[in-house]
Amino acid sequence: MTGSLALTVGLAVLIGVSLGLLGGGGSILAVPLLVYVADLPAKEAIATSLLVVGVTSAVGVLPHARAGRVRWRTGLIFGVAGMAGAYTGGRLAGFIPAGVLLTGFALMMLATAIAMIRGRRAAETRPVPHELPILRVIIDGVVVGLVTGLVGAGGGFLVVPALALLGGLPMPVAVGTSLVVIAMKSFAGLAGYLSSVSIDWGLAAAVTTAAVIGSLLGGRLAGRIPENALRTAFGWFVVVMGVFVLAQQLPHQVSTSPVLWAAVGVAAVAALGGASVCLARPGCVGVRLARRTDSRPRS
């Protein structure tokens, strides 16, 4: 096993841990890993990430299902709608330049990071209807699936809040149910990509195996780690990664500028510092919600 392959496989465990713990984030880690560490072309990396995340999510459902944290009917409805959008997005991606896809991916990372850092106060405090609004779930499923199919990202961190708000699911159940949706959408998006992209099946199998191991570990840890605090810290990490990917798409003269990378370095330090301060501060959204969750009686 070469050094880059060993590093790729080792880091792939984090993809699974993210999916198992948070119900999302797999492709946000997988695409940069496959592009910048495994040195795959952008479209092949996105297609491979859909395979890795699809299989990992399908396996990652198991510990959540055993713990009763999966709402199957809700997940299947959202998933079927998402599959239609993901397949369409995967087909459309064959006509879009790789640089445009990676730019869209970076913007999706930053949007996702903002949502994670802000937390889910609305999902925790607003009353939600007991009846599932089927039409809205179908529309949201198609839109989320289209994004997933196009750029290979945005699945879990868009599905989880939708499930929490629309279906009234508790966060742990929304995380478990989202894995059903992500698996369905990922396989549909992959089917769309396979019409124009080939995959290195050996590399994909190695990365998938490592990610599956991570997902089982993450599933076992789910509920033991304050999820909102973890999400806040992860959000700052995604900010740094999104800026890095976006900078790579700038013209060569700009992307190699020392001034630019000095600015990225400052942003990274500020992001990490902000995460540390937030996690240490009693008023931090993520910590406050985590403490509220931890203060509930345990069965």
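All of the numbers you see were taken from the coordinates with simple rules; none came from a lab. A quick note: this is a predicted structure, and the numbers were derived from the prediction, not measured. Cβ coordinates were reconstructed from backbone atoms using ideal geometry, including for glycine residues, and neighbour counts include every protein chain displayed.
Key figures
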read-out	value
Over segment 3-227: Kirkwood hydrodynamic radius from C-alpha pairwise inverse distances, Å	16.8
Hz values of 3J(HN,Hα) by residue in segment 200-217 - Karplus curve (6.51, -1.76, 1.60), Gly and Pro given as x	7, 5, x, 4, 4, 5, 5, 5, 5, 4, 5, 5, 4, 4, x, 5, 5, 5
Segment 1-55 pair-distance distribution - Cα-Cα, 5 Å bins, rounded %	4, 23, 31, 25, 13, 3, 0
Assigned charges on the beta-carbon of Lys, Arg, Asp, Glu; segment 3-227 dipole about Cα centre (debye)	600
Rounded if a/c under 1.5, otherwise prolate or oblate - segment 163-217, Cα gyration tensor axes	oblate
Three-way shape label, segment 13-109, alpha-carbon gyration tensor, a/c 1.5	oblate
Normalised contact order of segment 3-227, rounded percent, pairs of Cα under 8 Å and 6 or more residues apart	42
